[in-house]
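To start, the structure itself, in structure tokens.
Computed from the coordinates by the stated procedures, all read-outs in this text should not be read as laboratory data. Bear in mind that the values here come from a model prediction, so they are computed numbers and not experimental data. Methodologically, a virtual Cβ is constructed for each residue, glycine included, from the backbone with ideal geometry; neighbour enumeration extends over all protein chains shown.
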Amino acid sequence: MSKAVTKNSVMSQLVALEQFLNRLREDVEHAEYRRNQLVAQSLEHASEELTSGFKNLAREKLSKAHLNIKLAWLRASYARQLFDAETVEFELGDGDYLELTEVEPEFLPAAKGHFSYLESELKHMRSEIKARAGKSK
């Protein structure tokens, strides 16, 4: 059961999201290695959702603002995880973390299972977002 969406809860979530994005932007700006386009795009899209969330809050469209928050957190979390992975790769040295050049047959079933699970979770999230977007109109 989900909590009721209130003006105060939406405002506090928007503020927390803005703080998260600001910290991530600072980390990305201070990085000593090349910039990742996916991180930049995800940050941009998360910021756009944040702005839309504030606008919807001002219009008192709380369910739309709440959806903006969820989308922004998804994009911001993705950017943070990708940035953190690249930081690990930078610290370890190129080719030691993200670039999988040799396929190890014993890891294929586990990797396929993991990615299948992630894909099913993304499909579930998309359907939930679509369902909620339809209800808020």
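Odds and ends about this structure:
- Candidates Ala110, Ala16, Ala79: whichever shows maximal mean-square fluctuation once the chain is modelled as a Gaussian network with Cα springs under 10 Å: Ala110
- Taking other C-beta atoms within 10 angstrom as a stand-in for reagent exposure, Val10, Val5 fall in the order Val5, Val10, fewest first.
- Ranked list, fewest to most other Cβ atoms within 10 Å of each Cβ, for Leu17, Leu108: Leu108, Leu17
- Rough spin-label spacing in nm, given labels placed 7 Å along Cα→Cβ, for Met125 and Val88: 1.8 nm
- Entry for volume of the Cα convex hull per residue in Å³ (calculated from the structure that is shown) out of [x] 130; [y] 113; [z] 94: [x]
- Positive contributions from Lys and Arg (+1) and negative ones from Asp and Glu (-1), summed over other residues with Cβ under 14 Å from the Cβ of Leu21, come out at -3.
- In the chain, the longest principal axis of the Cα atoms and the axis of helix 62-92 are about 20 degrees apart.
- Amide N proximity, segment 45-79 versus Asp27 label position 7 Å along Cα-to-Cβ, cut-off under 18 Å: 45-47, 72-79
- Here Ser52, Ser116, Ser63 are placed in order of increasing Cβ neighbour count within 10 Å, fewest first, which gives Ser116, Ser63, Ser52.
- Between segment 109-136 and segment 6-36, the C-alpha centres lie 24 angstrom from each other.
- For the chain, a Gaussian network of Cα nodes joined below 10 Å ranks Gln13, Gln81, Gln37 by mean-square fluctuation, and the top entry is Gln37.
- Subset of Lys7/Lys123; Lys55/Lys123; Lys64/Lys112; Lys3/Lys112; Lys3/Lys70 violating a 24 Å alpha-carbon distance limit: Lys7/Lys123; Lys55/Lys123; Lys64/Lys112; Lys3/Lys112
- In percent, rounded to a whole number, the relative contact order of the chain is 25, using alpha-carbon pairs under 8 Å and six or more apart.
- Among His45, His30, His66, the largest mean-square fluctuation in a Gaussian network model of the chain (Cα springs under 10 Å) belongs to His30.
- Its DSSP H runs of at least 4 residues, each contributing -39,500 (n - 2.57), put the calculated 222 nm mean residue ellipticity of the chain at -27500 deg cm²/dmol, to the nearest 500.
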